[in-house]
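The values are calculated or read from the model by the stated rules, or taken from the named source; none is laboratory data. This structure is a prediction, so every number in the text was calculated from the model and none was measured. Neighbour counts run over all protein chains shown; Cβ positions are idealised from the backbone, glycine included.
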Amino acid sequence: MSSITITAPAAPVVARIALPRSKSISNRALLMASLCGDLDLVSDLSDGDDSRVMLELLRANPRVMDCGAGGTTFRFLIAWAAVREGEEHILTGIPRLLERPHDDLVNALKQLGADIERIAEGYRVRGRALKGGEVHFDSPISSQYLSAILMIAPRMKEGLTLRWTGTRLSEPFVHMTLKMLAHFGVYPRLELDGVRVDPGDYIPAPLTIPPDWSSASFWYEIAALSPRCEILLDGLTDDTMQGDREAQHLWAPWVETHFTEEGTRLSHRVTPVQWEDVPRNLRHVPDLFQPLAFTLAALGRSAVLHGLDNLRVKETDRLQAVADAIHRMGGQAAFADGAFAVKQGITASSPMTFHPDIDHRMALSLAPLALKLGAITIQDPEVVNKSYPRFWDDLRSGGFGVEHG
(Lines give C-alpha, C1' and ligand atoms only; values in the text may rest on other atoms or scores of the structure.)
Protein backbone atom coordinates (compact mmCIF):
# COMPACT_ATOMS: atom_id res chain seq x y z
CA MET A 1 0.00 0.00 0.00
CA SER A 2 1.27 3.50 -0.81
CA SER A 3 2.08 5.93 1.99
CA ILE A 4 3.43 9.40 2.57
CA THR A 5 5.56 10.63 5.47
CA ILE A 6 5.22 14.24 6.60
CA THR A 7 8.13 15.67 8.59
CA ALA A 8 7.85 18.83 10.69
CA PRO A 9 9.58 21.85 9.13
CA ALA A 10 12.86 23.01 10.63
CA ALA A 11 11.67 26.63 10.64
CA PRO A 12 8.33 28.38 11.19
CA VAL A 13 5.80 27.67 8.46
CA VAL A 14 5.78 30.42 5.83
CA ALA A 15 3.56 29.73 2.85
CA ARG A 16 1.34 31.24 0.18
CA ILE A 17 -1.37 28.70 -0.60
CA ALA A 18 -3.87 28.54 -3.47
CA LEU A 19 -6.64 26.54 -1.81
CA PRO A 20 -8.85 24.25 -3.88
CA ARG A 21 -12.13 25.73 -4.98
CA SER A 22 -15.24 24.97 -2.95
CA LYS A 23 -16.48 21.44 -3.60
CA SER A 24 -19.89 22.27 -2.11
CA ILE A 25 -20.44 25.27 -4.35
CA SER A 26 -18.98 23.45 -7.39
CA ASN A 27 -21.39 20.51 -7.15
CA ARG A 28 -24.44 22.74 -6.66
CA ALA A 29 -23.38 25.00 -9.51
CA LEU A 30 -22.87 22.04 -11.84
CA LEU A 31 -26.33 20.63 -11.16
CA MET A 32 -28.01 24.00 -11.68
CA ALA A 33 -25.95 24.73 -14.79
CA SER A 34 -26.99 21.34 -16.17
CA LEU A 35 -30.63 22.23 -15.59
CA CYS A 36 -29.90 25.47 -17.47
CA GLY A 37 -28.50 23.36 -20.31
CA ASP A 38 -24.99 24.85 -20.18
CA LEU A 39 -22.28 23.36 -17.96
CA ASP A 40 -19.81 25.96 -19.25
CA LEU A 41 -21.54 28.58 -17.10
CA VAL A 42 -19.33 27.39 -14.22
CA SER A 43 -15.65 28.36 -14.07
CA ASP A 44 -12.80 27.59 -11.64
CA LEU A 45 -14.34 24.33 -10.48
CA SER A 46 -12.97 22.31 -7.59
CA ASP A 47 -10.33 19.88 -8.87
CA GLY A 48 -11.33 17.27 -6.27
CA ASP A 49 -12.61 13.89 -7.36
CA ASP A 50 -16.20 14.58 -6.29
CA SER A 51 -16.59 17.59 -8.58
CA ARG A 52 -14.52 16.07 -11.40
CA VAL A 53 -16.71 12.95 -11.40
CA MET A 54 -19.89 15.00 -11.26
CA LEU A 55 -18.83 17.12 -14.24
CA GLU A 56 -17.86 14.03 -16.25
CA LEU A 57 -21.16 12.31 -15.51
CA LEU A 58 -23.27 15.36 -16.33
CA ARG A 59 -21.38 15.88 -19.62
CA ALA A 60 -21.50 12.24 -20.74
CA ASN A 61 -24.94 11.41 -19.29
CA PRO A 62 -24.26 7.65 -19.20
CA ARG A 63 -27.00 5.23 -18.18
CA VAL A 64 -24.83 3.90 -15.33
CA MET A 65 -23.50 6.77 -13.22
CA ASP A 66 -20.70 5.58 -10.92
CA CYS A 67 -20.19 8.23 -8.23
CA GLY A 68 -17.25 6.51 -6.53
CA ALA A 69 -17.13 7.62 -2.89
CA GLY A 70 -18.94 10.92 -3.44
CA GLY A 71 -21.98 11.22 -1.18
CA THR A 72 -22.86 14.72 -2.40
CA THR A 73 -22.41 13.66 -6.02
CA PHE A 74 -24.56 10.57 -5.49
CA ARG A 75 -27.44 12.31 -3.73
CA PHE A 76 -27.53 15.30 -6.04
CA LEU A 77 -27.53 13.08 -9.13
CA ILE A 78 -30.38 10.91 -7.80
CA ALA A 79 -32.53 14.05 -7.68
CA TRP A 80 -31.21 15.27 -11.06
CA ALA A 81 -31.99 11.91 -12.69
CA ALA A 82 -35.53 11.99 -11.28
CA VAL A 83 -36.43 14.98 -13.51
CA ARG A 84 -34.71 13.77 -16.70
CA GLU A 85 -37.91 12.92 -18.52
CA GLY A 86 -37.73 9.80 -20.66
CA GLU A 87 -34.27 8.75 -19.41
CA GLU A 88 -33.24 5.89 -17.15
CA HIS A 89 -30.14 5.95 -14.96
CA ILE A 90 -28.48 3.57 -12.54
CA LEU A 91 -26.80 5.45 -9.67
CA THR A 92 -23.99 3.48 -8.02
CA GLY A 93 -20.69 3.85 -6.18
CA ILE A 94 -18.28 2.09 -3.83
CA PRO A 95 -19.83 -0.28 -1.24
CA ARG A 96 -19.36 2.20 1.63
CA LEU A 97 -21.29 4.86 -0.32
CA LEU A 98 -24.20 2.48 -0.92
CA GLU A 99 -24.23 1.59 2.78
CA ARG A 100 -24.63 5.23 3.80
CA PRO A 101 -28.20 6.45 4.48
CA HIS A 102 -30.12 7.66 1.42
CA ASP A 103 -33.64 6.36 2.11
CA ASP A 104 -35.06 9.62 3.47
CA LEU A 105 -34.08 11.39 0.26
CA VAL A 106 -35.38 8.60 -1.96
CA ASN A 107 -38.69 8.38 -0.09
CA ALA A 108 -39.18 12.14 -0.29
CA LEU A 109 -38.52 12.11 -4.04
CA LYS A 110 -41.02 9.28 -4.46
CA GLN A 111 -43.58 11.29 -2.50
CA LEU A 112 -43.08 14.10 -5.00
CA GLY A 113 -43.68 11.72 -7.93
CA ALA A 114 -40.24 10.24 -8.68
CA ASP A 115 -39.79 6.70 -10.03
CA ILE A 116 -36.87 5.27 -8.03
CA GLU A 117 -36.14 1.63 -7.26
CA ARG A 118 -33.46 0.14 -4.99
CA ILE A 119 -31.49 -2.51 -6.87
CA ALA A 120 -28.33 -4.49 -6.13
CA GLU A 121 -26.08 -1.98 -7.93
CA GLY A 122 -27.61 1.06 -6.21
CA TYR A 123 -30.73 2.89 -7.42
CA ARG A 124 -32.59 2.77 -10.72
CA VAL A 125 -34.11 6.17 -11.53
CA ARG A 126 -36.58 6.66 -14.39
CA GLY A 127 -36.90 10.36 -15.13
CA ARG A 128 -40.32 11.93 -15.41
CA ALA A 129 -42.19 15.18 -14.87
CA LEU A 130 -42.65 15.42 -11.10
CA LYS A 131 -45.90 16.69 -9.63
CA GLY A 132 -44.20 18.21 -6.62
CA GLY A 133 -46.14 19.50 -3.64
CA GLU A 134 -45.18 19.31 0.05
CA VAL A 135 -42.51 17.20 1.70
CA HIS A 136 -41.45 17.15 5.35
CA PHE A 137 -38.07 16.33 6.87
CA ASP A 138 -37.77 15.94 10.64
CA SER A 139 -34.17 15.99 11.91
CA PRO A 140 -32.67 14.57 8.67
CA ILE A 141 -29.25 12.99 9.07
CA SER A 142 -27.95 15.01 6.09
CA SER A 143 -28.77 18.48 4.79
CA GLN A 144 -27.84 17.16 1.33
CA TYR A 145 -31.32 15.63 1.12
CA LEU A 146 -32.88 19.09 1.30
CA SER A 147 -30.41 20.69 -1.10
CA ALA A 148 -30.89 17.92 -3.67
CA ILE A 149 -34.67 18.36 -3.70
CA LEU A 150 -34.55 22.17 -3.63
CA MET A 151 -32.39 22.26 -6.75
CA ILE A 152 -34.92 20.34 -8.84
CA ALA A 153 -37.95 22.11 -7.31
CA PRO A 154 -38.40 24.59 -10.21
CA ARG A 155 -39.00 21.58 -12.52
CA MET A 156 -41.97 20.33 -10.45
CA LYS A 157 -45.46 21.09 -11.79
CA GLU A 158 -46.71 22.36 -8.44
CA GLY A 159 -43.34 23.58 -7.21
CA LEU A 160 -42.15 22.55 -3.76
CA THR A 161 -43.07 23.33 -0.19
CA LEU A 162 -40.31 21.90 1.96
CA ARG A 163 -40.86 21.72 5.72
CA TRP A 164 -37.84 21.23 7.98
CA THR A 165 -38.38 20.56 11.66
CA GLY A 166 -36.33 19.16 14.53
CA THR A 167 -32.52 19.28 14.51
CA ARG A 168 -31.10 21.28 11.61
CA LEU A 169 -27.67 19.80 10.93
CA SER A 170 -25.38 21.71 8.52
CA GLU A 171 -27.99 24.45 8.02
CA PRO A 172 -25.52 26.84 6.28
CA PHE A 173 -25.27 24.36 3.39
CA VAL A 174 -29.02 24.68 2.79
CA HIS A 175 -28.70 28.47 2.84
CA MET A 176 -25.86 28.10 0.33
CA THR A 177 -28.27 26.22 -1.96
CA LEU A 178 -30.93 28.93 -1.58
CA LYS A 179 -28.44 31.69 -2.44
CA MET A 180 -27.31 29.77 -5.51
CA LEU A 181 -30.90 29.24 -6.63
CA ALA A 182 -31.28 33.02 -6.54
CA HIS A 183 -28.08 33.41 -8.59
CA PHE A 184 -29.71 31.31 -11.32
CA GLY A 185 -32.97 33.27 -11.24
CA VAL A 186 -35.03 31.12 -8.84
CA TYR A 187 -36.15 32.98 -5.73
CA PRO A 188 -37.25 30.74 -2.84
CA ARG A 189 -39.55 32.13 -0.17
CA LEU A 190 -38.63 31.36 3.43
CA GLU A 191 -41.52 30.21 5.60
CA LEU A 192 -41.86 29.57 9.33
CA ASP A 193 -40.50 26.01 9.26
CA GLY A 194 -39.18 25.69 5.73
CA VAL A 195 -39.13 27.13 2.24
CA ARG A 196 -41.37 27.46 -0.84
CA VAL A 197 -40.06 27.22 -4.42
CA ASP A 198 -42.52 28.00 -7.23
CA PRO A 199 -42.37 26.19 -10.58
CA GLY A 200 -40.37 28.04 -13.20
CA ASP A 201 -37.18 28.12 -15.23
CA TYR A 202 -33.58 28.61 -14.27
CA ILE A 203 -31.96 31.67 -15.86
CA PRO A 204 -28.41 30.98 -17.15
CA ALA A 205 -25.82 33.07 -15.28
CA PRO A 206 -22.02 32.61 -15.16
CA LEU A 207 -20.55 31.64 -11.79
CA THR A 208 -16.92 31.54 -10.66
CA ILE A 209 -16.28 29.13 -7.78
CA PRO A 210 -14.48 30.70 -4.76
CA PRO A 211 -11.68 29.14 -2.68
CA ASP A 212 -12.80 26.56 -0.15
CA TRP A 213 -13.17 27.51 3.52
CA SER A 214 -13.40 23.84 4.54
CA SER A 215 -9.88 23.31 3.20
CA ALA A 216 -8.68 26.43 5.01
CA SER A 217 -9.35 24.66 8.31
CA PHE A 218 -6.27 22.45 7.88
CA TRP A 219 -4.11 25.56 7.59
CA TYR A 220 -5.74 26.96 10.71
CA GLU A 221 -4.70 23.74 12.44
CA ILE A 222 -1.14 24.24 11.16
CA ALA A 223 -1.12 27.90 12.24
CA ALA A 224 -2.30 26.96 15.74
CA LEU A 225 0.56 24.45 16.12
CA SER A 226 3.34 26.47 14.43
CA PRO A 227 4.72 29.49 16.36
CA ARG A 228 5.82 32.46 14.22
CA CYS A 229 4.06 31.06 11.15
CA GLU A 230 2.82 33.30 8.33
CA ILE A 231 0.32 31.75 5.93
CA LEU A 232 -1.46 33.56 3.10
CA LEU A 233 -4.51 31.79 1.68
CA ASP A 234 -4.69 33.31 -1.80
CA GLY A 235 -8.00 34.88 -2.79
CA LEU A 236 -9.91 33.58 0.26
CA THR A 237 -12.46 36.16 1.40
CA ASP A 238 -14.91 36.37 4.29
CA ASP A 239 -17.41 34.64 2.00
CA THR A 240 -20.84 34.55 3.62
CA MET A 241 -22.02 31.71 1.36
CA GLN A 242 -19.71 29.23 3.09
CA GLY A 243 -20.59 28.35 6.67
CA ASP A 244 -17.08 26.97 7.32
CA ARG A 245 -15.80 30.54 7.50
CA GLU A 246 -16.62 29.93 11.17
CA ALA A 247 -13.06 28.54 11.31
CA GLN A 248 -11.75 32.06 11.88
CA HIS A 249 -13.69 32.19 15.17
CA LEU A 250 -13.15 28.60 16.35
CA TRP A 251 -9.35 28.90 16.02
CA ALA A 252 -9.23 32.53 17.23
CA PRO A 253 -7.61 31.65 20.61
CA TRP A 254 -4.42 30.60 18.76
CA VAL A 255 -4.66 32.08 15.25
CA GLU A 256 -5.07 35.67 14.09
CA THR A 257 -7.03 36.15 10.86
CA HIS A 258 -6.50 39.20 8.66
CA PHE A 259 -8.43 39.77 5.44
CA THR A 260 -6.36 41.56 2.80
CA GLU A 261 -6.64 42.39 -0.88
CA GLU A 262 -4.52 39.30 -1.61
CA GLY A 263 -6.52 36.89 0.51
CA THR A 264 -6.66 35.71 4.11
CA ARG A 265 -3.51 35.91 6.21
CA LEU A 266 -3.10 33.56 9.18
CA SER A 267 -0.55 34.06 11.96
CA HIS A 268 0.09 32.27 15.22
CA ARG A 269 -0.90 34.31 18.27
CA VAL A 270 2.18 35.14 20.34
CA THR A 271 -0.02 35.20 23.43
CA PRO A 272 -2.91 32.76 23.01
CA VAL A 273 -6.34 33.84 24.16
CA GLN A 274 -7.75 31.69 26.94
CA TRP A 275 -9.74 28.75 25.54
CA GLU A 276 -12.92 28.74 27.57
CA ASP A 277 -13.85 25.21 28.58
CA VAL A 278 -17.48 25.53 27.51
CA PRO A 279 -19.33 23.27 25.05
CA ARG A 280 -18.95 24.27 21.39
CA ASN A 281 -21.79 23.39 19.04
CA LEU A 282 -20.56 22.36 15.58
CA ARG A 283 -24.02 21.45 14.31
CA HIS A 284 -23.70 23.97 11.47
CA VAL A 285 -20.04 23.22 10.64
CA PRO A 286 -19.41 19.49 11.21
CA ASP A 287 -16.63 19.40 8.60
CA LEU A 288 -14.49 21.45 11.00
CA PHE A 289 -14.68 18.77 13.71
CA GLN A 290 -11.62 16.70 12.81
CA PRO A 291 -9.04 19.50 12.45
CA LEU A 292 -10.45 21.27 15.53
CA ALA A 293 -10.44 18.14 17.70
CA PHE A 294 -6.84 17.33 16.73
CA THR A 295 -5.81 20.96 17.35
CA LEU A 296 -7.28 20.81 20.85
CA ALA A 297 -5.66 17.45 21.60
CA ALA A 298 -2.27 18.61 20.32
CA LEU A 299 -2.45 21.77 22.46
CA GLY A 300 -3.58 19.83 25.53
CA ARG A 301 -6.94 21.62 25.75
CA SER A 302 -10.00 19.82 27.11
CA ALA A 303 -13.24 20.45 25.27
CA VAL A 304 -16.72 19.18 24.58
CA LEU A 305 -17.92 19.51 20.99
CA HIS A 306 -21.63 19.05 20.25
CA GLY A 307 -23.88 18.76 17.19
CA LEU A 308 -21.98 15.89 15.58
CA ASP A 309 -24.94 13.53 15.15
CA ASN A 310 -24.27 12.67 11.50
CA LEU A 311 -20.51 12.09 11.64
CA ARG A 312 -20.89 8.38 12.30
CA VAL A 313 -22.32 7.88 8.78
CA LYS A 314 -19.73 9.77 6.74
CA GLU A 315 -16.93 8.19 4.67
CA THR A 316 -15.97 6.56 7.95
CA ASP A 317 -17.28 6.82 11.52
CA ARG A 318 -15.49 10.09 12.19
CA LEU A 319 -16.16 10.18 15.94
CA GLN A 320 -14.69 6.71 16.43
CA ALA A 321 -11.78 7.40 14.08
CA VAL A 322 -10.75 10.63 15.83
CA ALA A 323 -11.12 9.08 19.29
CA ASP A 324 -8.99 6.10 18.25
CA ALA A 325 -6.27 8.36 16.84
CA ILE A 326 -6.17 10.53 19.99
CA HIS A 327 -5.94 7.41 22.16
CA ARG A 328 -3.06 6.05 20.07
CA MET A 329 -1.20 9.32 20.61
CA GLY A 330 -1.58 9.09 24.38
CA GLY A 331 -4.59 11.35 24.80
CA GLN A 332 -8.07 10.62 26.04
CA ALA A 333 -11.36 11.20 24.23
CA ALA A 334 -14.92 9.91 24.40
CA PHE A 335 -18.14 10.40 22.49
CA ALA A 336 -21.86 9.76 22.91
CA ASP A 337 -25.14 11.15 21.56
CA GLY A 338 -23.54 13.46 19.01
CA ALA A 339 -21.04 14.94 21.48
CA PHE A 340 -17.27 14.47 21.53
CA ALA A 341 -15.05 15.19 24.53
CA VAL A 342 -11.30 15.75 24.41
CA LYS A 343 -10.35 14.83 27.97
CA GLN A 344 -6.56 14.74 27.85
CA GLY A 345 -4.13 16.05 25.29
CA ILE A 346 -1.70 14.11 23.13
CA THR A 347 1.43 12.99 24.96
CA ALA A 348 3.20 11.17 22.11
CA SER A 349 6.20 12.95 20.57
CA SER A 350 7.56 10.37 18.13
CA PRO A 351 6.56 9.41 14.57
CA MET A 352 3.41 7.33 14.07
CA THR A 353 1.49 5.78 11.15
CA PHE A 354 -2.23 6.13 10.47
CA HIS A 355 -4.67 4.79 7.89
CA PRO A 356 -7.50 7.23 6.98
CA ASP A 357 -9.95 4.43 6.01
CA ILE A 358 -11.12 6.16 2.78
CA ASP A 359 -11.82 9.43 4.62
CA HIS A 360 -10.09 12.41 3.00
CA ARG A 361 -10.69 14.64 6.04
CA MET A 362 -8.94 12.17 8.35
CA ALA A 363 -5.79 12.28 6.21
CA LEU A 364 -5.95 16.07 5.84
CA SER A 365 -6.42 16.72 9.56
CA LEU A 366 -3.87 14.13 10.77
CA ALA A 367 -1.01 15.43 8.59
CA PRO A 368 -0.50 18.71 10.54
CA LEU A 369 0.21 16.63 13.66
CA ALA A 370 3.73 16.18 12.28
CA LEU A 371 4.28 19.47 14.14
CA LYS A 372 3.56 17.59 17.39
CA LEU A 373 5.01 14.15 16.58
CA GLY A 374 8.02 15.22 14.53
CA ALA A 375 6.79 13.07 11.66
CA ILE A 376 3.61 11.25 10.71
CA THR A 377 2.98 8.64 8.02
CA ILE A 378 -0.37 8.53 6.23
CA GLN A 379 -1.28 5.40 4.32
CA ASP A 380 -3.39 5.65 1.14
CA PRO A 381 -2.42 9.33 0.67
CA GLU A 382 -4.38 9.53 -2.61
CA VAL A 383 -7.56 9.72 -0.51
CA VAL A 384 -7.10 13.52 -0.33
CA ASN A 385 -7.88 13.70 -4.07
CA LYS A 386 -11.55 13.70 -3.11
CA SER A 387 -11.36 17.35 -2.08
CA TYR A 388 -7.75 18.67 -1.96
CA PRO A 389 -5.48 16.95 -4.53
CA ARG A 390 -2.58 19.41 -4.12
CA PHE A 391 -2.39 19.17 -0.32
CA TRP A 392 0.90 17.27 -0.11
CA ASP A 393 2.55 19.71 -2.54
CA ASP A 394 1.20 22.63 -0.52
CA LEU A 395 2.66 21.16 2.68
CA ARG A 396 6.04 20.88 0.92
CA SER A 397 5.83 24.55 -0.12
CA GLY A 398 5.24 25.43 3.55
CA GLY A 399 8.52 23.79 4.59
CA PHE A 400 7.27 20.34 5.60
CA GLY A 401 9.22 17.31 4.49
CA VAL A 402 7.06 15.16 2.22
CA GLU A 403 8.33 11.72 1.25
CA HIS A 404 6.33 9.15 -0.68
CA GLY A 405 6.70 5.55 0.49
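Within the range 139-150, one or more residues are at positive phi and hydroxyl-bearing (Ser, Thr, Tyr). List the residue pairs whose Cβ atoms are under 7 Å apart, where the first residue sits in the range 369-396 and is within 18 Å of residue 24 (Cβ to Cβ), the second is among the β-branched types (Val, Ile, Thr), and the two are 6 or more positions apart or on different chains. Close Cβ pairs (under 7 Å, with a partner that is among the β-branched types (Val, Ile, Thr)) amount to 391/384.
Within the range 228-239, track down each residue that is in a strand (DSSP E or B), under 14 Å from residue 211 (Cβ atoms) and touching a Pro at 6+ places or on another chain (Cβ under 8 Å).
Of everything in the range 228-239, those that are in a strand (DSSP E or B), under 14 Å from residue 211 (Cβ atoms) and touching a Pro at 6+ places or on another chain (Cβ under 8 Å) turn out to be 233, 234.
Residues that are surrounded by fewer than 23 Cβ atoms within 10 Å (Cβ to Cβ) and under 22 Å from residue 361 (Cβ atoms) within the range 211-234 comprise 225, 234, listed in sequence order. Of all the criteria given as (1) in a strand (DSSP E or B); (2) farther than 30 Å from residue 39 by Cα; (3) more than 24 Å from the chain's Cα centre (by Cα), the one not satisfied by residue 161 is (2). For residue 386, the stated conditions hold: it is touching a His at 6+ places or on another chain (Cβ under 7 Å) and either modelled with pLDDT of 95 or more or within 19 Å of residue 18 (Cα to Cα) (or both).
Between 127, 132, the distinction of being free of Cβ contacts under 8 Å to residues at least 60 places away in the same chain, more than 30 Å from residue 215 (Cα to Cα) and either surrounded by fewer than 22 Cβ atoms within 10 Å (Cβ to Cβ) or not polar (S, T, N, Q) (or both) belongs to 127 only. So which of 8, 33, 79, 29 is assigned by TED's automatic domain parsing to the domain that holds residue 228, in contact with a helix residue (DSSP H, G or I) (Cβ under 8 Å, 6 or more places away or on another chain), at pLDDT 95 or above and among the aliphatic types (A, V, I, L, M)? The unique qualifying residue is 8.
Going by the conditions given, is residue 357 touching a strand residue (DSSP E or B) at 6+ places or on another chain (Cβ under 7 Å), not hydroxyl-bearing (Ser, Thr, Tyr) and not in a strand (DSSP E or B)? Answer is no for this residue. Here residue 203 clears all of (1) more than 20 Å from residue 40 (Cα to Cα); (2) modelled with pLDDT of 95 or more; (3) of a type in the set (A, V, I, L, M, F, W, C) except the condition numbered (1).
Inspect all residues belonging to the range 215-224 and state whether any of them is in the same structural domain as residue 153 (by TED's automatic domain parsing), more than 16 Å from the chain's Cα centre (by Cα) and not aromatic (Phe, Trp, Tyr). No, every residue in the range 215-224 fails to be in the same structural domain as residue 153 (by TED's automatic domain parsing), more than 16 Å from the chain's Cα centre (by Cα) and not aromatic (Phe, Trp, Tyr). Assess whether residue 179 counts as being closer than 29 Å to residue 19 by Cα and modelled with pLDDT of 95 or more. For residue 179, the condition - closer than 29 Å to residue 19 by Cα and modelled with pLDDT of 95 or more - is met.
Let's see how each residue does on (1) of a type in the set (Ser, Thr, Tyr); (2) more than 22 Å from residue 109 (Cα to Cα):
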{"site": "163", "(1), (2)": "no, no"}
{"site": "167", "(1), (2)": "yes, no"}
{"site": "181", "(1), (2)": "no, no"}
{"site": "193", "(1), (2)": "no, no"}
{"site": "199", "(1), (2)": "no, no"}
{"site": "207", "(1), (2)": "no, yes"}
